[in-house]
Amino acid sequence: MPHKFIFTGLSFEMDDFRIENNIRTLRFHHQEMTQQELADSVGVTRQTINAIEAAKYSPSLELAFKIADVFDVPLEEVFSYKKF
């Protein structure tokens, strides 16, 4: 069952939204950086990077900014928040 949230009279189901990312593409365009290399750069495990790439885990805001910084791109070029 989807989680429901209510904010100032508005409600939506959390399962209607997804954080998508371009990490795999960015890694490829940065000398085919491995998940391990990215993980080492931002201070997490390779498994965390794998889960973020697979959209199974949403990173903290701090981690999201660190990832964008590694690729020297704005946050919006790495992550997007989409309704489906």
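The values are calculated or read from the model by the stated rules, or taken from the named source; none is laboratory data. These numbers were taken from a predicted model, which means no experiment stands behind them. Neighbour counts run over all protein chains shown; Cβ positions are idealised from the backbone, glycine included.
For segment 41-63, enumerate the residues that are within 16 Å of T25 (Cβ to Cβ) and either in a helix (DSSP H, G or I) or touching a Pro at 6+ places or on another chain (Cβ under 7 Å) (or both).
Matches in segment 41-63: I49, N50, I52, E53.
Just to verify a result, which residue in segment 65-84, among those that are of a type in the set (A, V, I, L, M) and buried (at least 16 other Cβ atoms within 10 Å of the Cβ), is nearest to R18 (Cα to Cα)? So that I can check it myself, show each step before the final result.
Residues of segment 65-84 that are of a type in the set (A, V, I, L, M), as a first pass: 67-68, 70, 73, 75, 78.
When the remaining residues are screened for being buried (at least 16 other Cβ atoms within 10 Å of the Cβ), the result is 67-68, 70, 78.
Details: I67: 18, A68: 18, V70: 23, V78: 14 Å.
The residue in question is V78.
Return the residues of segment 40-62 that are among the aliphatic types (A, V, I, L, M) and crowded, with 17+ Cβ neighbours inside 10 Å; say none if nothing qualifies.
So in segment 40-62, the residues among the aliphatic types (A, V, I, L, M) come out as 42, 44, 49, 51-52, 54-55, 61.
Answer for segment 40-62, where residues must be among the aliphatic types (A, V, I, L, M) and crowded, with 17+ Cβ neighbours inside 10 Å: V42, V44, I49, I52.
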Segment 4-51, residues that are over 21 Å from E76 (Cβ atoms), modelled with pLDDT under 95 and among the β-branched types (V, I, T):
I6, T8
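Quick check: anything in segment 47-58 among the basic types (K, R) and in contact (Cβ under 8 Å) with a residue 24 or more places away in the chain?
Our first condition is that a residue be among the basic types (K, R); within segment 47-58, this holds for 56.
Checking which are in contact (Cβ under 8 Å) with a residue 24 or more places away in the chain leaves us with none.
No - not one qualifying residue is present in segment 47-58.
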